[in-house]
Amino acid sequence: METTPWWRDAVVYEIYVRSFADASGDGTGDLPGIRDRLPYLAELGVDAIWLTPFYPSPMADGGYDVADYRDVDSLFGSLADFDDLVADAHAHGLRLMVDIVPNHSSSAHPWFQKALAAPRVSQERERYMFRDGGSEGRGSGHGEPNNWLSTFGGPAWTQVPDGQWYLHLFAPEQPDFNWRNPEVREEFLDVLRFWLDRGVDGFRIDVAMGLIKAEGLPDTDPGFTSRSPIWSRPEVHDIYRDWRRVLDSYPGTRVAIGEVWTDSAEDLALYVRPDELHQSFNFAWLEAPWSATAFRKVIDDTLKAVASPTWVLSNHDVVRHVTRYGQGSLDPQAGPARARAALLSMLALPGSAYLYQGEELGLPEVTDLPPEARQDPIFARSNGEVPGRDGCRVPLPWSGTEPPYGFGSGGSWLPQPENWADLTAERQAADPSSTLWFYRRALQTRRELRGTLPDAITWLESPEETLFFRRGRLLCVINCGEGAVALPPHDQVLITSGPLDGTALPADTAAWLLTG
Ligand code: GLC
């Protein structure tokens, strides 16, 4: 009998390793810390975990600057710790995915160090994107080979002493690989095998749409568009066809999900053709404001274009959705209430869902980190004008009444707010009205419904700024408007994101209803 592959409707929990739990007491989260907390994750009710990079790294971009793709940084533990974590995760019924960073390495990677020492025309430089400069005044005015800008601010080129320039779509410490070079391709197939052999269930692919750049590296228009000389070049898909063959050659179902930023669901769909990636992140909802109209468009566009959709509200790169949804409201409870309502709506849809650590505790963005504590390269490269992503990366509060709230015995690499005592996992576990209990109930209810619901949804007519959709017996309703609305006819209320108002659905609230 054909069963649904696990990833199609999985709930995957993103662990930002530096900030999850610190067993060693050095202020930074680590693999043994994760291992200690597996019971918490199993009880939460997620199906899989995705670990952000834990590889040896100078940490110029929180580990997304990898110096060795086949090891664990001593900050996070050892390969033996990794093996123990895989075994324990599986024993807890959790799949484990790792992050692979193929667009660029760290500048400390031996290949890049060799490239710097090698002549201008050499095999070593061919592994990266070295180019001669353009004419005076090109690029940012210093003679860069073209006008490309780094995602983190400033030019995407850095000059080396012999006059050549190398490309870095992110920080200068993250030189881009040359993916037209077969040696780079072979190397990454081997890296995939290395981790598959250690038992991982899949990969999250960093900057999956960036690996191939247009021939000749022509100038680009400023601003992000998913079809440009930089992003989503057609040849990138050949890489994922090769990767798929490797994944499929392993026992069990090993999967890949791409971090693909696009401006259309159609472009996203190209990455998940049957012989390519299993999934790609669908960031459309995360980019949408708190609005029923906006949510409906995201849902319609996604379901029309993508056969195996994914949904995500927060990750380690964006402002936490409790805070995003609260912006513009005078009511301090609006953000948390809307965040819970959005979660319930997302979990009602066909496809899989990605959660970001701490959202189950309703954590807000930390907006007042002192400048000297900030570590995101975006902050430094913008001369402090752009706060960057540290505010969503503050270490988790586990227990106790003051920092570091049980994160570890040695403080935390980013300071935690003084007022997080009510948000700890311990405090919330003792309070059935907490966000943590709500997440557990929602995930449990989703599990109970698993396999009983069709993959299609139908819209019901509903008042302005509300959405009512049906998926088989399940009716999901969400109210993004200002006043309470009547619930549609139903047999049973399964779960709500906040209290109902008698039989009406208040503003900023969602509910799952069962019908015949
Ligand atoms: C991805 C990661 C982000 C990182 C960037 C460069 O967008 O999610 O954290 O900074 O790639 O690797």
If the only charges are +1 at each Lys and Arg Cβ and -1 at each Asp and Glu Cβ, what is the size of the charge dipole of the range 172-290 around the Cα centre, to the nearest 20 debye?
360
Below 14 angstrom from the Cβ of Tyr405, what's the summed charge of the other residues (Lys, Arg +1; Asp, Glu -1)?
-3
For Lys114, counting only lysines whose alpha-carbon sits under 24 Å away and dropping same-chain residues fewer than eight positions off, the answer is Lys213
Could you derive backbone 3J(HN,Hα) for the range 60-70 from the dihedral phi with the Karplus parameters 6.51, -1.76 and 1.60 (θ = phi - 60°), listing whole Hz in sequence and x where the residue is Gly or Pro?
6, 9, x, x, 7, 10, 9, 9, 8, 7, 10
Once you order the gyration tensor axes a ≥ b ≥ c over the Cα atoms, which shape class does the range 310-350 get: rounded for a/c under 1.5, otherwise prolate or oblate by comparing a/b with b/c?
oblate
R0 of 56 Å, Cβ-Cβ distance Leu500-Ala91: FRET efficiency to nearest 0.05:
0.90
Rounded if a/c is under 1.5, else prolate if a/b is larger than b/c, else oblate: which is the chain, with a ≥ b ≥ c the root eigenvalues of its Cα gyration tensor?
prolate
Long-range amide H partners of Glu14 with built H, under 5 Å:
Trp50, Leu355, Tyr356, Gln357
With point charges of +1 on the Cβ of Lys and Arg and -1 on the Cβ of Asp and Glu, referenced to the Cα centre of the chain, which listed residue (Asn146, Leu192, His278) lies farthest in the positive direction of the dipole?
His278
Once you keep just the Cα pairs under 8 angstrom separated by 6 or more residues, what percentage relative contact order results for the chain?
13
In straight Cα distance, which aspartates and glutamates are under 13 Å from Lys297, not counting same-chain residues fewer than 8 positions off?
Glu287, Glu465
What distance in nm lies between label points placed 7 Å from Cα along the C-beta direction at Asp68 and Ser433?
5.3
Summing -39500 (n - 2.57) over every DSSP H run of at least 4 in the chain, dividing by its residue total and rounding to the nearest 500, the 222 nm mean residue ellipticity is -7500 deg cm²/dmol
Under the rule a/c < 1.5 gives rounded, and otherwise a/b versus b/c splits prolate from oblate, where does the range 1-147 land using the Cα gyration tensor?
prolate
The aspartates and glutamates whose Cα lies under 14 Å from the Cα of Lys304, excluding any fewer than 8 residues away in the same chain, are Glu266, Asp267, Asp455
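At R0 = 30 Å, how high is the FRET efficiency between Glu402 and Ala380 if r is their beta carbon distance? Nearest 0.05 is fine.
Efficiency for this residue pair is about 0.55.
No value in this document is a laboratory result; all are computed from the given coordinates. Since we're looking at a predicted model, the values are computed, not measured. For neighbour counting, all protein chains shown are included, and Cβ atoms are generated from backbone atoms with ideal geometry for every residue, glycine included.
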